[in-house]
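One structure is given here, and the rest of the page talks about it.
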Amino acid sequence: MTTTLYSTFDSPLGELLLVGEESATAQGGTALASLSVPGQKRGATVQDDWTYDPAAFADITDQLRAYFDGRLTRFTIEYVTRGTDFQQRVWKSLEAIPYGTTTTYGGIAADIGAVRGAVRAIGTAIGANPLLVVRPCHRVIGADGSLTGYAGGLARKRQLLGLEGAAPDAA
């Protein structure tokens, strides 16, 4: 049976909840399963059988600190990926969006070979992303340039895009 570990991290977005599993291949020994912000739609909540272990997340929190300080533009964190094939295709596309740039739901559709009419399904898959910040769903915006949908709230999306210098209205 896999042990579920958790910790918290104080960030500019509020206290992040980090959830992971022990992994022999992950740098630092923990693969990240979830990163939630306070008040997040469908965010993780601590369960009784989870183990609080901040040391298990030392490498991950070092990367988060560097990201929020503007010193890291690409995470090298091993993830626990659970989702449908479609979700995983969408999430892989998210991971390819470069720091400091944005794309649209239609752009994701084109990237994964889905029809343009699939943007609603793509939005649903993005909304199910359990790894806010590190799997950069905040970099997906509306076709008209508007900041649309973010499980952590539009204010946090604007804050992340501002940190990355990705949008003129993100400050």
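Comparison of ALA151, ALA128 shows that the only residue that is on the phi < 0 side of the Ramachandran plot and surrounded by fewer than 20 Cβ atoms within 10 Å (Cβ to Cβ) is ALA128. Out of curiosity, is THR61 β-branched (Val, Ile, Thr) and surrounded by 15 or more Cβ atoms within 10 Å (Cβ to Cβ)? Against the criterion (β-branched (Val, Ile, Thr) and surrounded by 15 or more Cβ atoms within 10 Å (Cβ to Cβ)), THR61 qualifies. Within the range 73-128, the residues that satisfy the criterion of being part of a helix (DSSP H, G or I) and β-branched (Val, Ile, Thr) are VAL90, ILE108, ILE112, VAL119, ILE122, THR124, ILE126.
The single condition among (1) without any contact (Cβ under 8 Å) to a residue 12 or more places away in the chain; (2) buried (at least 17 other Cβ atoms within 10 Å of the Cβ); (3) aliphatic (A, V, I, L, M) that ALA24 does not satisfy is (2). Every test in (1) open to solvent by 30 Å² or more (accessible area, probe 1.4 Å); (2) touching a helix residue (DSSP H, G or I) at 6+ places or on another chain (Cβ under 9 Å) is passed by SER146 save one, and that test is (2). Picking from residues in the range 68-108 that are charged (D, E, K, R) and open to solvent by 70 Å² or more (accessible area, probe 1.4 Å), the one that is nearest to GLY162 (Cα to Cα) is ASP69.
The set of residues from the range 129-163 being closer than 19 Å to LYS92 by Cα, free of Cβ contacts under 8 Å to residues at least 24 places away in the same chain and not in a helix (DSSP H, G or I) comprises just one member, TYR150. Do you know which of the residues in the range 81-113 that are farther than 19 Å from GLY145 by Cβ and among the β-branched types (Val, Ile, Thr) is modelled with the lowest pLDDT? Residue satisfying both the conditions and the ranking: THR81.
To keep it simple, each residue is scored yes or no on (1) more than 28 Å from GLN159 (Cα to Cα); (2) touching a Phe, Trp or Tyr at 6+ places or on another chain (Cβ under 9 Å); (3) of a type outside the set (A, V, I, L, M, F, W, C); (4) part of a loop (DSSP other than H, G, I, E, B).
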position: TYR6; (1), (2), (3), (4): no, yes, yes, no
position: ALA33; (1), (2), (3), (4): no, yes, no, no
position: GLY39; (1), (2), (3), (4): no, no, yes, yes
position: ARG42; (1), (2), (3), (4): no, no, yes, yes
position: THR45; (1), (2), (3), (4): no, no, yes, yes
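All told, THR84 meets the bar of being over 14 Å from the mean Cα position of the chain (by Cα) and closer than 24 Å to ILE122 by Cβ.
The values are calculated or read from the model by the stated rules, or taken from the named source; none is laboratory data. Not measured: the values here are computed from a predicted model. Using ideal geometry, Cβ is built from the backbone for each residue, glycine included, and neighbour counts are taken over all protein chains shown. These area figures cover heavy atoms from the full protein model, side chains too; ligands, DNA and RNA do not enter into them. Shrake-Rupley method; radii C 1.70, N 1.55, O 1.52, S 1.80 Å.
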